[in-house]
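The values are calculated or read from the model by the stated rules, or taken from the named source; none is laboratory data. None of the values given here were measured: they were computed from a predicted structure. Cβ coordinates were reconstructed from backbone atoms using ideal geometry, including for glycine residues, and neighbour counts include every protein chain displayed.
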Amino acid sequence: MSDLGIGRQRQAEVYIGVLSGGRRGVPIDPSGLERAARKRMSPEAFAYIVGGAGLEETMRSNRDAFDRRRIVPRVLRDVSTRDTSVELFGRRLPGPFLLAPIGVLEMAHREADLAVARAAAAKDVPMIFSNQASVPMERCAEAMGAAPRWFQLYWSTSNELVESLVGRAEACGCEAIVVTLDTTLLGWRVRDLDLAYLPFLRGKGIAQYTSDPVFRRLVEQQDDEPAQRSRPTLAGLSALFQLTRAYPGSFRANIRSPRPRAAVRRFLEIYSRPSLTWEDLPFLRERTKLPILLKGVLHPEDARRAVGGGIDGLVVSNHGGRQIDGEVATLDALPAIVHAVDGQVPILLDSGVRGGADAFKAVALGARAVLIGRPYAFGLAVAGERGVRDVLENFLADFDLTMGLAGCASIDEISHESLAAGA
Ligand SMILES: Cc1cc2nc3c(=O)[nH]c(=O)nc-3n(C[C@H](O)[C@H](O)[C@H](O)COP(=O)(O)O)c2cc1C
């Protein structure tokens with residue numbers, strides 16, 4: 001760490017760097033960043049990333065929960081040197097941040113997950129590879145050197161595929177498996193429904209599948225597609241064109257082959273398992289030595305049961321409000337979960353985190369770290385790898401300054417006493 005600390009260093013880069021002709025980064029204000037990203041994306045891509053379920057009340061509650069908590073600073077404490085680092089599963093991270101798994105990043109930028117992987121590695125912030133990524137995990141891992149990465153799993157109806165994905169994650173150096181439990185069914189996403197747009201139908205966001213030997217075998221075993229009776233519409237042809245382009249291999253070969261359409265059909269059949277129960281978890285436990293975290297836990301009873309069943313960590317998440325409208329805000333759910341888990345495993349939180357002060361509040365209420373979601377996807381849309389790096393640097397800097405100004409020289413000094421009582 002330099003003498004200035006990451007916060008002052010970043011301020012200097014921005015204020016002084018720009019005066020001396022340096023480049024301007026992506027907008028720092030979260031709404032400005034979102035607006036800039038909107039200009040770079042198709043209406044469908046922007047709607048897919050920004051949107052939530054139903055009336056998007058959960059998204060508002062996530063923000064409202066952060067707004068209701070207030071930081072009470074302590075003064076006259078020496079905060080000239082600050083240590084923002086945290087330990088997580090044996091790794092020391094530069095700050096309490098990870099990159100949330102976000103699928104279909106090719107809608108934000110053509111380099112998609114690869115650009116994010118490079119930016120994450122440059123900052124040593126763990127990236128959680130999405131099961132719905134646009135780039136196979138092995139390619140991202142290769143771009144990351146020894147930098148930390150995890151893998152997020154959607155539990156397929158095929159346990160053989162689950163095993164294959166987890167085996168690949170281990171082989172390419174992922175250090176934890178995050179099982180997302182809140183998306184066994186896709187939420188009622190009004191913006192996407194109104195545009196009749198689901199990226200997977202166009203072959204986007206299925207790279208972890210099309211690169212998987214088990215999945216490919218399942219596609220080959222599938223019966224041929226029933227003959228099309230109706231005339232294709234313009235929208236249908238456009239979807240077919242996009243699918244043919246997105247599918248691995250040459251466009252010429254793909255346009256003649258039934259394989260891309262068969263892969264999408266197979267994907268839709270097997271990508272998630274609504275029948276998943278607690279009884280399924282031992283299957284995963286027996287197949288990996290990596291830490292397993294459950295993402296989407298919001299009830300303290302579920303948290304207790306997970307820990308009792310040998311789960312190594314939890315992500316308190318409502319998927320950024322994309323699944324249930326009117327769902328409890330994650331920051332509101334956090335204290336009861338922290339109480340139930342009683343320090344046995346680390347608890348992470350996401351959904352609505354938009355700045356360093358949000359991370360500070362989550363840590364004050366007992367989270368070990370937070371996941372950054374949409375903001376890095378917007379950074380990616382605006383300026384690719386550089387944009388994601390800017391977003392990460394801004395989060396780290398903002399957190400460092402907030403922590404110091406609150407009178408804390410390290411994460412250990414942040415506690416519930418750092419917040420106003422009764423909020
Ligand atoms: C466009 C988009 C795609 C996402 N894809 C996934 C995914 O593939 N797997 C997953 O576990 N969560 C996924 N999420 C949820 C994020 O991991 C995270 O929980 C959420 O973005 C946090 O909310 P926030 O973006 O409002 O901060 C996705 C979120 C967005 C916005």
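A few notes on this one:
- Any strands (runs of 3 or more DSSP E) falling wholly within the range 260-362 and containing at least 1 residues that are at pLDDT below 95 and not hydrophobic (A, V, I, L, M, F, W, C): none
- Complete set of residues in the range 310-331 that are under 21 Å from G103 (Cα atoms), among the aliphatic types (A, V, I, L, M) and in contact (Cβ under 8 Å) with a residue 40 or more places away in the chain: V315, V316, I324
- Selection status of A141, of a type in the set (A, V, I, L, M, F, W, C), buried (at least 22 other Cβ atoms within 10 Å of the Cβ) and within 15 Å of R287 (Cα to Cα): no
- Considering A377, A333, A359, the condition of being crowded, with 24+ Cβ neighbours inside 10 Å, within 14 Å of the ligand (Cβ to nearest atom) and under 30 Å from E301 (Cβ atoms) is satisfied by A359 alone.
- Selection within the range 362-374 - among the aliphatic types (A, V, I, L, M) and within 12 Å of the ligand (Cβ to nearest atom): A362, V370, L371, I372
- When D113, D67 are screened for being within 13 Å of the ligand (Cβ to nearest atom) and of a type in the set (D, E, K, R), only D113 passes.
- With respect to the conditions (1) more than 30 Å from G313 (Cα to Cα); (2) of a type in the set (F, W, Y); (3) touching a residue at least 12 places away in the same chain (Cβ under 8 Å), Y48 lacks only one, and its number is (1).
- Filtered residues of the range 254-296 (kept if within 20 Å of V316 (Cα to Cα) and β-branched (V, I, T)): T277, I292
- Selection within the range 118-138: residues that are surrounded by fewer than 24 Cβ atoms within 10 Å (Cβ to Cβ) and aliphatic (A, V, I, L, M). The member of this set that is farthest from L293 (Cα to Cα) is A122.
- Residue check, S156 in contact with a helix residue (DSSP H, G or I) (Cβ under 6 Å, 6 or more places away or on another chain), within 15 Å of the ligand (Cβ to nearest atom) and closer than 18 Å to R266 by Cβ: yes
- In this structure, G25 does not satisfy being surrounded by 12 or more Cβ atoms within 10 Å (Cβ to Cβ), within 16 Å of the ligand (Cβ to nearest atom) and assigned to a loop (DSSP other than H, G, I, E, B).
- From the options R149, R63, R82, residue that is in contact with a Gly (Cβ under 7 Å, 6 or more places away or on another chain) and within 23 Å of V190 (Cα to Cα): R63
- If the condition is being β-branched (V, I, T) and within 17 Å of G7 (Cβ to Cβ), then the range 335-366 contributes only V363.
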